[in-house]
Amino acid sequence: QVQLVESGGGLVQAGGSLTLSCAASGSIFRINIWDWYRQAPGKQRELVAGITRGGITNYGDSVKGRFTISRDNAKNTVYLQMNSLKPEDTGVYYCKANSVSGYNYWGQGTQVTVSS
């Protein structure tokens, strides 16, 4: 089992920045990919960014150049640094851990609201 707890969401003005954190506990050694997803009201959940155990990253087209995903192995924490935020970045942001067995774990989500 893996437990994920997101934090760092909040209300920010357009152009501002936020850093989200995803603290993990449990059988972390089983995890090979960490992702951040988001879900806006009335829309499907979408992949924002991902990072592999080896440190390879990928980003959704809408956030490339503005968001950065990183990982601190010593703290068992994954971060999402979000810069130049836009109102369309508003949504609930979820951390997802993908295990080598194919089972996925999700956090409870943290709300990000960007005002114009």
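Give, as a single signed number, the net charge of other residues whose beta carbon lies under 14 Å from the beta carbon of residue 18, with Lys and Arg counted +1 and Asp and Glu -1. Mind dumping the intermediate values first?
Numbers: positive: 38, 66, 86; negative: 6, 89.
In short, +1.
Out of 110, 22, 98, whose Cα points farthest toward the positive end of the dipole of the chain (charges: +1 Lys, Arg; -1 Asp, Glu; placed on Cβ)?
Checking the options against the dipole of the chain, the answer is 98.
Taking a probe of 1.4 Å, how large is the accessible area per residue of the chain, in Å²?
Details: 6030 Å² over 116 residues.
Per residue, the chain has an accessible area of 52 Å².
Given points 7 Å out from each Cα along the Cα-Cβ axis, report the residue 39 to residue 19 separation in nanometres with one decimal.
Taking the simple label geometry, residue 39 and residue 19 are separated by 2.8 nm.
Search the structure for amide H atoms under 5 Å from the amide H of residue 71, placed 1.01 Å from N in the peptide plane, and list their residues when 5 or more places away or on another chain.
Those qualifying (amide H under 5 Å, at least 5 residues apart or on another chain) are 79.
Can you list the lysines whose alpha carbon is less than 23 Å from that of residue 64, not counting same-chain residues fewer than 8 positions off?
The qualifying lysines are 43, 86, 96.
Once you place label points 7 Å from the Cα toward the Cβ at residue 103 and residue 70, how far apart are they in nm?
3.2 nm
Please state the charge dipole magnitude for the chain, taken about the Cα centre, from unit charges on C-beta atoms (+1 on K and R, -1 on D and E), reported in debye and rounded to the nearest 20. Before the final figure, lay out each step's value.
Details: 11 positive and 7 negative charges, 33 e Å.
For the chain, the charge dipole is close to 160 debye.
On the protein heavy atoms, probe 1.4 angstrom, tell me the percent of accessible surface of the chain carried by carbon and sulfur. Working shown, then result.
Details: 2960 of 6030 Å².
Here carbon and sulfur together make up 49 percent of the probe-accessible area.
Which whole-number percent is the relative contact order of the range 1-64 (Cα, under 8 Å, 6+ apart)? Numbers along the way, then the final one.
Details: 79 pairs, mean separation 14.4, N = 64.
About 23 percent, as a whole number.
Per the Kirkwood treatment, what hydrodynamic radius in Å, one decimal, follows for the range 28-80 from the mean inverse distance over all distinct Cα pairs?
Working: mean 1/r = 0.0841 Å⁻¹.
Mean inverse Cα-Cα distance, inverted, gives 11.9 Å.
Which ³J(HN,Hα) values, rounded to whole Hz and listed in residue order, are derived for the range 54-66 from phi using the Karplus coefficients 6.51, -1.76 and 1.60 in 6.51 cos²θ - 1.76 cosθ + 1.60 with θ = phi - 60°, glycine and proline given as x?
With the stated coefficients, the range 54-66 comes to x, x, 6, 10, 8, 9, x, 4, 6, 10, 4, x, 10 Hz.
Report, in debye and to the nearest 20, how large the dipole of the range 66-107 comes out about its Cα centre when Lys and Arg carry +1 and Asp and Glu carry -1 on their Cβ.
Details: 5 positive and 3 negative charges, 17 e Å.
It comes to approximately 80 debye.
The values are calculated or read from the model by the stated rules, or taken from the named source; none is laboratory data. Since we're looking at a predicted model, the values are computed, not measured. Using ideal geometry, Cβ is built from the backbone for each residue, glycine included, and neighbour counts are taken over all protein chains shown. For accessibility, only protein heavy atoms count, side chains too; no ligands or nucleic acids. Shrake-Rupley method; radii C 1.70, N 1.55, O 1.52, S 1.80 Å.
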